[in-house]
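Asks: Below you'll find the structure I mean.
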Amino acid sequence: MLAGTSCGGSPVRAGKEVRADGSTICVTGDPGGAGPGRGGPGDRGLAPVINPSTNYERQADGSYRQDRQYTRADNPTFEHAERLLAALEGAGCACALFASGMAAATAVFQSLLPGDHVLVSRVLYWGVRKWLAEFGLTWGLDVEFTDTSDLAAVEAAIRPGRTRLLWVETPANPMWEITDLAAVCALAHRAGVRVAVDNTVATPVLTRPLELGADLVVHSATKYLNGHSDVLAGAVLTARRDPFWERIRSWRRNAGAVLGPFEAWLLQRGMRTLFLRVHRASDSALAIATHFHGHPAVAAVLYPGLPSHPGHQIAARQMHGGFGGMLSIRLAGGAGHALAVLPAVQVFKRATSLGGVESLIEHRRSMEGPSSPVPGDLLRLSVGIEAPADLIADLGAALDAVQGHQAAAAPRTPAAGQEADS
Ligand SMILES: Cc1ncc(COP(=O)(O)O)c(C=O)c1O
């Protein structure tokens, strides 16, 4: 059996060795304990089996074998993927897969009670912000956005006895702000506040929030965990099987936001190469960020791996082996230039989402709509696993084309593309 890792206060081995264990767990598909999710005894297949059954037969005495009744409650195929992910985030943790990242995130919020005060990262994935504004409020949650990278702001925003959850995303979409997880968890716990961390962007390859004190971890497994842009999936992990965890599991069972067995199988297959993909994407993102930092067409490169990033020191402490594959660039020529870069790229794909093998480029403000707080001059890049030199050449040519075109057009249309930033 493979050596596991631990969370919830048990000692943890040094970063390098733990990460090697994680990559081996992914490649072998064996999280330990119940084995690699293969078929029955004697089955030596290297790939796990898919069990699509929705229901299970009762034995003559009316009982169920292994307590299995109905797939809305549990299913061997998604249980295998759950054990794999739990082994990556830390042994002793439990995992529940959901039909999407949003289903996972909202299961956490909907397990709270009306009137509960919730503190949420001011910069975070737009879908979560939108759901909180549209449905969290009608659910009765008292939602407050705060800058979680500012510990004093978090401390001031906590309402003792009323704040039930602190929701942190780090690095946070799409500005890639960094929250100090160990510090914010210690601060929240002193006030009895539970901390949930959206670890979609860092993945357990780079950051393991449960070991830094977080109570819950949430993933859009649609992104890096699956990694091939062909599965929608989500996950919630817990450091403890406490009553709040049971409520989340009960929510999934009763609301029915489960992952299908085929999707769970694809997810575990994608996870076999998770470590390779995340390390490659991180290395390439750092190369791209470094290359375009200071480029005349670029006003700013937002990437925690750059020493100039305000969260760099913290990121270097809590992210191991890289700073992730996500970065944004702000165009010196404003929103018009940002939009003009999009049709000029050839290797980057113009698409939303992130964490797949292919590199993506997106104008977030257009995607999020008029209420978006994202600056209009910002392009978000999800760096894939293509040759980094091709990505740099592609983006460089697109920036040059836009700059050259602007320079030629400037005498006739001096204000073209110079939309005011938000
Ligand atoms: C950081 C983050 N969390 C959650 C989600 C939601 O995940 P899904 O699209 O799988 O519902 C996303 C989707 O982009 C995301 O980027």
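The values are calculated or read from the model by the stated rules, or taken from the named source; none is laboratory data. Predicted model, so just to flag it, every value in this text is computed and none were measured. Neighbour counts run over all protein chains shown; Cβ positions are idealised from the backbone, glycine included.
Asks: Only one of these is within 18 Å of residue 87 (Cα to Cα), away from the ligand (no atom under 16 Å from the Cβ), at pLDDT 95 or above and not acidic (Asp, Glu): 267, 276. Name it. Full working, then the answer.
Replies: Working: 267 fails: away from the ligand (no atom under 16 Å from the Cβ).
The unique qualifying residue is 276.
Asks: Is at least one residue of the stretch 325-343 touching a Phe, Trp or Tyr at 6+ places or on another chain (Cβ under 7 Å), touching a residue at least 24 places away in the same chain (Cβ under 8 Å), crowded, with 23+ Cβ neighbours inside 10 Å and within 19 Å of residue 222 (Cα to Cα)?
Replies: Initial filter on the stretch 325-343 (touching a Phe, Trp or Tyr at 6+ places or on another chain (Cβ under 7 Å)): 326-329.
The next check asks that each one be touching a residue at least 24 places away in the same chain (Cβ under 8 Å); those that pass are 326-329.
Next, from what is left, pick out any that are crowded, with 23+ Cβ neighbours inside 10 Å: 326-327, 329.
Still in the running and within 19 Å of residue 222 (Cα to Cα): 326-327.
Within the stretch 325-343, one or more residues are touching a Phe, Trp or Tyr at 6+ places or on another chain (Cβ under 7 Å), touching a residue at least 24 places away in the same chain (Cβ under 8 Å), crowded, with 23+ Cβ neighbours inside 10 Å and within 19 Å of residue 222 (Cα to Cα).
Asks: Further question: Of 196, 188, 233, which residue is without any contact (Cβ under 8 Å) to a residue 40 or more places away in the chain, in contact with a Leu (Cβ under 8 Å, 6 or more places away or on another chain) and of a type in the set (Gly, Ala, Ser)?
Replies: Working: 196 fails: without any contact (Cβ under 8 Å) to a residue 40 or more places away in the chain; 233 fails: without any contact (Cβ under 8 Å) to a residue 40 or more places away in the chain.
The match here is 188.
Asks: How many of the residues making up the stretch 141-165 are in contact with a helix residue (DSSP H, G or I) (Cβ under 7 Å, 6 or more places away or on another chain), within 16 Å of the ligand (Cβ to nearest atom) and not hydroxyl-bearing (Ser, Thr, Tyr)?
Replies: 0
Asks: A follow-up question, please. For the stretch 198-256, name all the residues that are within 14 Å of the ligand (Cβ to nearest atom) and among the basic types (Lys, Arg).
Replies: 223
Asks: Hand me the list of helices (runs of 4 or more DSSP H) wholly inside the stretch 167-265 holding 1 or more residues that are among the acidic types (Asp, Glu).
Replies: Details: elements: 181-190, 203-206, 243-255.
Ranges flagged: 243-255.
Asks: Let me ask something else about it. Within the stretch 350-378, which residues are among the hydrophobic types (A, V, I, L, M, F, W, C), more than 16 Å from the ligand (Cβ to nearest atom) and within 21 Å of residue 177 (Cβ to Cβ)? I'd like the intermediate steps shown before the answer.
Replies: We begin by selecting, within the stretch 350-378, every residue among the hydrophobic types (A, V, I, L, M, F, W, C); these are 351, 354, 357, 360-361, 367, 374, 378.
Checking the rest, the ones that are also more than 16 Å from the ligand (Cβ to nearest atom) come to 357.
Of everything in the stretch 350-378, nothing turns out to be among the hydrophobic types (A, V, I, L, M, F, W, C), more than 16 Å from the ligand (Cβ to nearest atom) and within 21 Å of residue 177 (Cβ to Cβ).
Asks: Something else about it: Within the stretch 82-94, can one find any residue that is within 15 Å of the ligand (Cβ to nearest atom), part of a helix (DSSP H, G or I) and in contact with a strand residue (DSSP E or B) (Cβ under 9 Å, 6 or more places away or on another chain)? Working first, answer last.
Replies: Quick first cut of the stretch 82-94, residues within 15 Å of the ligand (Cβ to nearest atom) only: 85.
Checking the rest, the ones that are also part of a helix (DSSP H, G or I) come to 85.
Next cut, in contact with a strand residue (DSSP E or B) (Cβ under 9 Å, 6 or more places away or on another chain) only: 85.
For the stretch 82-94, residues within 15 Å of the ligand (Cβ to nearest atom), part of a helix (DSSP H, G or I) and in contact with a strand residue (DSSP E or B) (Cβ under 9 Å, 6 or more places away or on another chain): present.
Asks: Against the condition surrounded by fewer than 20 Cβ atoms within 10 Å (Cβ to Cβ), aliphatic (A, V, I, L, M) and at negative phi, how does residue 357 come out, does it pass? Break it down stepwise before answering.
Replies: Working: surrounded by fewer than 20 Cβ atoms within 10 Å (Cβ to Cβ): yes; aliphatic (A, V, I, L, M): yes; at negative phi: yes.
So residue 357 passes the test.
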